[in-house]
Amino acid sequence: MSTLSVAKITQPLFDVHAVRRDFPILSQQVNGKPLVYLDNGASSQRPEAVLQAMDSYYREMHSNVHRGAHTLADRATSAFEGARKKVQQFLNAPSAREIIWTRGATEAINLVANGLAPLLKPGDEILLSQMEHHANIVPWQMLAERTGARVLPIDVTPEGELDMDSFHSLLSERTRILAITHVSNALGTVNPVADMVAKAKAQGVITLVDGAQAVPHFQPDVQALGCDFYVFSAHKLFGPTGIGVLYGKAELLEAMPPWQGGGEMIERVSFAGTTYNTLPYKFEAGTPAIAEAVGLGAAIDYLATLDRDAMEAAENALLQRANELVTSVPGMTVIGTARHKVPLISFKIDGLHPSDIGTLLDQQGIAIRAGHHCAMPLMEYYGLPGTARASFAFYNTLEEVEQLFAALQKIQRLFT
Amino acid sequence: MTTSAIDFTKNPLGTSTTMEDVFDAFELLDDWEDRYAFIIDLGKQLPPFPDSERNEKNYVHGCQSQVWLIHHYEADGKLFLLIDSDAIIVRGLAAIILVALNNHEPRELLAIDIDELFERLDLFRHISPTRGNGLRSMISKIRDIASTEAA
Ligand SMILES: Cc1ncc(COP(=O)(O)O)c(C=O)c1O
């Protein structure tokens, strides 16, 4: 917690109602009710600042990057590379060369899985966990198929934490890669990734952290975490769709072969042989998502205007209120009760299918997600077809939490 | 496609309960809670789904919930359908689909504009392809059955 300055004490630290005004989409009616958007885990909303940055990029500076001998190309390039710099600072990465643009977290993981193929041999092991998103499972299974390596999942406890005994027993001299999520999208659990990375590194294991669900709630420091790779998608961080980030340690990125070939990623092309560009361009074939990069930069700038500590405290208050209200809905059970969670509750209600809950909340203007959350192995572990998931962002209010529970009570009355 | 040997045709959906009844009911019910209570009740009128028919052949893919569909072709040429789901709202919406489509000859069934009926009930979004709850796949499967039987 930062020490409070005198000026801050006289005004609310985090005025959620003022913040909401920055998000135009939130002030609409859905099915005749004010929208209560609690599907932030799937994708969050964009502040005006992001919309304006993308709009003025197209109105004032669009051109292709890195190539033109003209003013617009310079403007576009500096906006684009400026955004990379913002991401570098956001993650506290040592260098902007280590920030690779991708289409999202999914593509970033696929890029790494492809790049590490030459390092793997039959019998090598890739450690994941049972709570991974499919995006952090399937690319590794595909890699295992190609190389003869094996994918092993770390167990989850009934509370929804990673089972550290399972982690320690699986970590061995055969382990080559550890790929784990920072925050579970289905449960909200914040995993002790710094610890796990340190243990893995001590054995020379390459580590990847999936930060897709972490960055909307707190700012990771990749140097403090010590991981080799960190990935996230902009659209969950209040930025545009179609762009995401791979942070990778320069020495590993240098060692990895390029993934896709084309323009931008080359130094020189000839039929006698082609040489590749330096980092980060080696991994950025083709014209990139320029406006989206600019939009992501604007999202990061926007977040920097908010008081982080106050924002995290406000998010915690949302989670706490939700937890308090669970008993007001008979038959409701929260799946995932880890000690350290982001504001997200996955739940079931006896006698109702998650899709019933989703449909009837939608009638009341409340958007949640119902389903397996792209985490089928985790659902299987809990023996559930899926859950209903309310995932909050800093722009959600305590009143919205209360509306969710009032709406759930109403649904229950409908079925009894 | 084979017709189910089990007789589930003696049920009100599409026989004693018609679309006119559904429209009348919806007209009287003006808030969403009453309308959904009605949909849920209609779902309770679905005849029990035979356990022996819960197999891959009768499974409707593409749904969040588990959905099964079987049909029975009567000697008089009328087609009867039976649907089951573990989601209560999907059962209710399926019951409306049966009210609309049961007890018709396949050719008649193919002429029914189910989208328009759902539009009139202000329930179209539930069967729209964007919803991904499988009702759309259920409807296509029914139409496939009717096309096969009509051929
Ligand atoms: C934990 C986690 N990892 C990865 C992803 C994939 O993100 P994207 O679909 O933006 O590539 C998600 C998205 O839901 C996620 O929650």
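Grab the helices (runs of 4 or more DSSP H) fully contained in the range B:69-128, keeping just those with 3 or more residues being touching an Asp or Glu at 6+ places or on another chain (Cβ under 9 Å) and under 19 Å from A:Leu352 (Cβ atoms).
Those helices (runs of 4 or more DSSP H) span B:88-101.
Kindly list the number of the only condition in (1) on the phi > 0 side of the Ramachandran plot; (2) surrounded by 21 or more Cβ atoms within 10 Å (Cβ to Cβ) that fails for B:Val60.
(1)
Taking the range A:269-284, which residues are outside any loop (DSSP other than H, G, I, E, B) and exposed (fewer than 10 other Cβ atoms within 10 Å of the Cβ)?
A:Thr275
Filter the range A:376-391 down to the residues that are crowded, with 23+ Cβ neighbours inside 10 Å and within 14 Å of chain B (Cβ to nearest Cβ), then identify the one that is nearest to the ligand (Cβ to nearest atom).
Looking at residues that are crowded, with 23+ Cβ neighbours inside 10 Å and within 14 Å of chain B (Cβ to nearest Cβ), I get A:Arg389.
When the residues of the range A:392-416 are filtered to those that are aliphatic (A, V, I, L, M) and part of a helix (DSSP H, G or I), which remaining residue is nearest to the other protein chains (Cβ to nearest Cβ)?
Once the filter is applied, the top-ranked residue is A:Leu414.
Which is in the same structural domain as A:Glu98 (by TED's automatic domain parsing), within 16 Å of the ligand (Cβ to nearest atom) and touching a residue at least 24 places away in the same chain (Cβ under 8 Å), of A:Ser184, A:Ser172?
After ruling out the rest, the residue left standing is A:Ser184.
Rundown of residues vs (1) in contact with a helix residue (DSSP H, G or I) (Cβ under 7 Å, 6 or more places away or on another chain); (2) in the same structural domain as A:Gly286 (by TED's automatic domain parsing); (3) open to solvent by 10 Å² or more (accessible area, probe 1.4 Å); (4) within 16 Å of the ligand (Cβ to nearest atom), yes/no style:
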position	(1), (2), (3), (4)
A:Ala73	no, yes, no, no
A:Arg84	yes, yes, no, no
A:Gly123	no, yes, yes, no
A:Leu143	yes, yes, no, no
A:Leu178	yes, yes, no, yes
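On the given criteria, is A:Leu360 crowded, with 23+ Cβ neighbours inside 10 Å and within 16 Å of the ligand (Cβ to nearest atom)?
Taking the combined requirement at face value, the residue does not satisfy it.
Could you list, ordered by first residue, the pairs with Cβ atoms under 6 Å in which the first is in the range A:236-247 and more than 15 Å from A:Ala291 (Cβ to Cβ) and the second is of a type in the set (Ser, Thr, Tyr), at least 6 apart or interchain?
From the range A:236-247, the pairs are A:Lys236/A:Ser44; A:Phe238/A:Ser44; A:Leu246/A:Thr102; A:Tyr247/A:Tyr230.
Are any residues in the range A:241-268 within 16 Å of the ligand (Cβ to nearest atom) and open to solvent by 10 Å² or more (accessible area, probe 1.4 Å), and if so, which ones?
Correct list: A:Thr241, A:Gly242, A:Trp259.
Which of the residues spanning the range A:344-353 are outside any loop (DSSP other than H, G, I, E, B) and open to solvent by 10 Å² or more (accessible area, probe 1.4 Å)?
Across the range A:344-353, the qualifying residue is only A:Lys348.
The values are calculated or read from the model by the stated rules, or taken from the named source; none is laboratory data. Everything quoted here is computed from the prediction, not taken from an experiment. Cβ atoms come from the backbone with ideal geometry, glycine included; neighbour counts cover every protein chain shown. In case anyone asks, the SASA skips ligands and DNA or RNA and just uses the protein heavy atoms, side chains included. Shrake-Rupley method; radii C 1.70, N 1.55, O 1.52, S 1.80 Å.
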